[in-house]
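Heads up: the structure comes next, in structure tokens.
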Amino acid sequence: DWGSVLLFFFFFISSINFSACLFIFVGRNTYHNWIISYNFENLSFSHIYVAAIYYIIMTITTVGYGDLVGKNITELIFQIIILIAGTCIYSWLITATSNYIKKMNDINIHYENRLKILEEIKIANPNLSNDLYEKIIRLLNYRKYYEETDKNEIPSLNYCQGMNHIASFFLDVC
């Protein structure tokens, strides 16, 4: 769902911005800090901000080139907190991605099983019109893409019995 992706992206960007601003705040309010150590004190705020963003991204992603590091105990504690937060974010992201892939795989398997049952019904009932068969396939396609966000929403009736009931109803009507 795109809403969740956008929400995560907003959260991620906001977290990076907040962390970078906090890193600048810690740097400006401690002795022997990263801003002075890397000779950034005479540079513009935007340059310091970009350096802080770079530091946060390198720390969160655990790449950590080591070219920009905390220089005092406060900055090192901040770095540890960012590392833990980055690990949690990536763990959540990997879990969410794998859950989404599994959900899509389950929906596809369920859809393929429905198509097999429909094919069996068509073979068992040669009087089933092609028009009805195509309408049921369109319904299955619709349900696959638009209604199957949660398998619990599918009626508890065994699908095979349900399709037999639907096919029998339409065969009687037709």
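Brief remarks follow.
- Taking a ≥ b ≥ c as the square roots of the eigenvalues of the Cα gyration tensor, region 1-44 is classed as prolate, since a/c reaches at least 1.5 and a/b is larger than b/c.
- Near LYS122, once Lys and Arg are set to +1 and Asp and Glu to -1 for all other residues with Cβ below 13 Å from its Cβ, the sum equals -1.
- Normalising the average separation of contacting C-alpha pairs (under 8 angstrom, six or more residues apart) by the number of residues puts the relative contact order of region 47-145 at 21 percent.
- Other residues with beta-carbon under 11 Å from the beta-carbon of VAL26 carry, at +1 per Lys or Arg and -1 per Asp or Glu, a net charge of +1.
- Overall form of region 1-135 per C-alpha gyration tensor (a/c, 1.5; a/b vs b/c): prolate
- Each residue of region 32-44 was assigned a 3J(HN,Hα) from its phi angle through the Karplus expression (A = 6.51, B = -1.76, C = 1.60, θ = phi - 60°), giving 6, 9, 5, 5, 6, 4, 9, 6, 9, 4, 9, 8, 5 Hz with x at Gly and Pro.
- As a calculated quantity, the FRET efficiency between LEU43 and ASN99 at R0 = 35 Å, using C-beta atoms, amounts to about 0.20.
FYI, it's all coordinate maths here, none of it is from the lab. Everything numeric in this text was worked out from a predicted model, so none of it was measured. Cβ: placed from backbone, ideal geometry, glycine included. Neighbour counts: every protein chain shown.
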